[in-house]
Amino acid sequence: METLIVAERVSKRFLIHHNQAHALKSRVMGLVHQRYRQRTEDFWALRDVNLTVGRGEAVGLVGRNGSGKSTLLKLIAGIYRPTSGRVLVRRDATIGTMIELGVGFNMELTGRENVFLNASVYGLSRFEVERIYDAVVEYSEIGHFIDEPVKNYSSGMVMRLAFAIAAHLDPEVLLLDEIFAVGDQAFQDKCRRTMKRFVEQGRTILFVSHSEKSVREMCSRVCVMSGGQKVFDGGTDEGLDLYDRLARHEATT
Ligand SMILES: Nc1ncnc2c1ncn2[C@@H]1O[C@H](COP(=O)(O)OP(=O)(O)OP(=O)(O)O)[C@@H](O)[C@H]1O
Ligand SMILES: [Mg+2]
C-alpha cells in the first residue's frame, strides 16, 4: 500500500495563559509587581505520536474530549506546525478538510464568496470553481442563503456548506472532524453516503468522531487517543472496545 501521510514522533505544545480575565490590569500591574505578571504554562496537547496512513484507508480517530484528535488533524492539514517531530504528506496528494466549524471561512463574506475563496485556496482556478459551484450549492441545500453572509448561518448550515465544498473539491484525502455534531439526520445520512462512496473509490479518510456507529460503518482501522498519546492503532472492533473501556475507567477515577 502506498503511504500518503506520515507523522513521526509528533508533539505539539501550547502555552496556556493564566490571568486572562484581567488581562489589561495584569499587564499594567505586571510592569510593577511580580505577582501580577501573567503566568504561562506549557501544555503538551500531543506527545510523540506516530501515524502512518496508506492510500485507500479509512481511519477512525477516537478519544475523549481534549485527547488531541483535532490537534493531530490540524497538524496533518498544515494548520499547525509540530513543536517537535515531523509530518509528511505525499506531495501530490490533495487534501480536503472539514476540521472545525468556520475554519477556512470568512464569516463576513457570503456563502458564494466563501465557496470561491475556499476553492482558490485549495488551488482551483476560477473556471474550475464555476464548474463545481452549482453542485456545491445544491448539495449543501443552503438555497438562497448562499448570498447571505456566513455569519448569519446556523451552525448546521455552516457545516453543510463546508462539507459540500470539501466533497466537491475531489480530494484524495479527506480530513473530517466531528462532521456529525451539528448536521440534522437527513444531512448526516447524505454525508455518510458521500463518505462511503469516497472510500469505495479508493480514497483516504481520516475521521474524528464520537459516534461509534459511524466509525464502525466507515472505518477499517481505529486509532485511540488518550492524553495526547496514541494508545491503540489497529482493528475497528478492538479499538472501539478499548476506547469504551478507557472512557468508563476514566469516568470512575
Ligand atoms: N490553540 C490552543 N491553545 C491552547 N491549548 C489548546 C489549543 N488547542 C488545543 N488545546 C488543548 O489541547 C488539548 C487537545 O485538544 P484537541 O482539540 O486536540 O482535543 P480533541 O481530542 O479534539 O477533543 P474534543 O473531543 O473535545 O474535540 C486540549 O486540552 C486543549 O485544551
Ligand atoms: Mg476536537
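The values are calculated or read from the model by the stated rules, or taken from the named source; none is laboratory data. Being a predicted model, the structure only gives us computed values, none of them experimental. Positions of Cβ are generated from backbone atoms using ideal geometry, with glycine treated the same way; all protein chains shown enter the neighbour counts.
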**Message:** I want to confirm something. Restricting to segment 83-97 and keeping residues that are within 15 Å of ligand 1 (Cβ to nearest atom) and surrounded by 19 or more Cβ atoms within 10 Å (Cβ to Cβ), which single residue is nearest to Leu176 (Cα to Cα)?
**Reply:** Thr97
**Exclusive hit being within 16 Å of ligand 2 (Cβ to nearest atom) and buried (at least 16 other Cβ atoms within 10 Å of the Cβ), set Leu124, Leu117, Leu72** = Leu72
**Request:** Could you please let me know if Tyr122 is more than 16 Å from ligand 1 (Cβ to nearest atom) and within 17 Å of the chain's Cα centre (by Cα)?
**Result:** yes
**Message:** Being under 16 Å from the mean Cα position of the chain (by Cα) and farther than 21 Å from Phe163 by Cα narrows it down to one residue among Val59, Val49, Val103, Val87; which is it?
**Reply:** Val87
**Message:** One residue is enough: does segment 39-54 have a residue meeting the conditions more than 16 Å from ligand 2 (Cβ to nearest atom), of a type in the set (A, V, I, L, M, F, W, C) and assigned to a loop (DSSP other than H, G, I, E, B)?
**Reply:** no
**Request:** Examine segment 64-71 for a residue that is closer than 26 Å to Val182 by Cα, part of a loop (DSSP other than H, G, I, E, B) and basic (Lys, Arg), and state whether such a residue exists.
**Result:** yes
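Which is over 20 Å from Ile76 (Cβ atoms) and exposed (fewer than 14 other Cβ atoms within 10 Å of the Cβ), of Gly235, Gly183, Gly202?
Working: Gly183 fails: exposed (fewer than 14 other Cβ atoms within 10 Å of the Cβ); Gly202 fails: over 20 Å from Ile76 (Cβ atoms).
Matching residue, one of Gly235, Gly183, Gly202: Gly235.
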**Request:** Could you give me the residue pairs with C-beta distances under 8 Å whose first residue belongs to segment 233-245 and is farther than 12 Å from Gly60 by Cβ, whose second residue is in a helix (DSSP H, G or I) and at pLDDT below 95 wherever it lies, and which are 6+ apart or on separate chains?
**Result:** Asp244/Glu212
**Message:** Suppose we filter segment 101-152 for residues that are of a type in the set (Lys, Arg) and touching a residue at least 60 places away in the same chain (Cβ under 8 Å); how many remain?
**Reply:** 0
**Complete:** Residues in segment 75-103 that are touching a helix residue (DSSP H, G or I) at 6+ places or on another chain (Cβ under 7 Å) and within 16 Å of ligand 2 (Cβ to nearest atom) total 7
**Prompt:** Of the residues that sit in segment 214-232 and are in a helix (DSSP H, G or I) and crowded, with 17+ Cβ neighbours inside 10 Å, which one is farthest from ligand 2 (Cβ to nearest atom)?
**Reply:** Met218
**Fill in**
Listed by first then second residue, the pairs whose first member lies in segment 59-74 and is of a type in the set (A, V, I, L, M), whose partner is within 9 Å of ligand 2 (Cβ to nearest atom) and in a helix (DSSP H, G or I), with beta carbons under 8 Å and at least 6 positions apart or on separate chains, are Leu61/Lys69; Leu61/Leu73; Val62/Lys69
**Prompt:** What pairs can you find where one residue is in segment 5-19 and of a type in the set (Ser, Thr, Tyr), the other is not in a strand (DSSP E or B), and their Cβ atoms are less than 9 Å apart, with a gap of 6+ or different chains?
**Reply:** Ser11/Pro82; Ser11/Thr83; Ser11/Gly228
